[in-house]
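A.B. asks: Take this structure first; my questions come after.
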Amino acid sequence: MELGRVGVWLGALGWVPATREREAAAELEELGYGTLWYSEAHTSKESLSHGALLLAATSRIVIASGIANIWVRDPMAMVAGANALAEAYPGRFLLGLGVSHQPMVEGIRGHRYGKPLTAMREYLDGMDAGIY
């Protein structure tokens with residue numbers, strides 16, 4: 001996968017309606033950026049469908065989640081969704097994972113945060129065991 005020399009972070013543009021976001025992604029690709037990074041928060045679009053929206057709006061640029069929150073979907077759903085995007089858009093989807101922040105995980109999502117490194121290790125093991 002070629003990320004290019006310069007990428008761009010979608011930032012607050014990720015909270016605008018999909019129509020405007022697709023236009024912006026296509027424009028960023030036209031400007032020559034190699035990678036478009038986007039995030040996932042409790043107030044934003046769901047990470048994998050967000051990636052699909054951006055991939056469908058572009059033809060060359062790499063679309064990268066930075067991050068897809070491990071507390072939002074189970075490991076099997078994450079690996080299946082990421083594999084589907086990678087299969088549909090070869091060499092253009094990069095899955096970045098993260099553990100988020102304790103107040104968001106416990107207060108908003110209702111999960112027990114625990115030890116982030118342990119949680120990520122267990123999650124990755126679950127992804128490795130995933131069936132696609």
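Just so it is clear, none of the values below were taken in a lab; they were calculated from the coordinates. Here the structure is a predicted model, which is why all the values come from computation and not from measurement. Glycine also receives a Cβ, built like all others from the backbone with ideal geometry; neighbour counts cover every protein chain displayed.
A.B. asks: For the stretch 1-124, with only Lys/Arg (+1) and Asp/Glu (-1) charged at the beta-carbon, what is the dipole magnitude about the Cα centre, in debye rounded to 20?
C.D. replies: For this selection, approximately 300 debye.
A.B. asks: When all alpha-carbon pairs of the chain are counted, what percent fall beyond 22 Å?
C.D. replies: Beyond 22 Å sits 37 percent of the P(r) for the chain.
A.B. asks: Oh, and also: R0 = 35 Å: FRET efficiency of R22 with T118, Cβ-based, nearest 0.05?
C.D. replies: Calculated transfer efficiency: 0.35.
A.B. asks: In whole Hz, with x marking every Gly and Pro, tabulate ³J(HN,Hα) for the stretch 62-73 from phi via Karplus 6.51 cos²θ - 1.76 cosθ + 1.60, θ = phi - 60°.
C.D. replies: 6, 10, 10, 7, x, 9, 9, 6, 5, 8, 8, 9
A.B. asks: Any idea how far the Cα center of the stretch 80-100 sits from the one of the stretch 22-45, in Å?
C.D. replies: Answer, in whole Å: 15.
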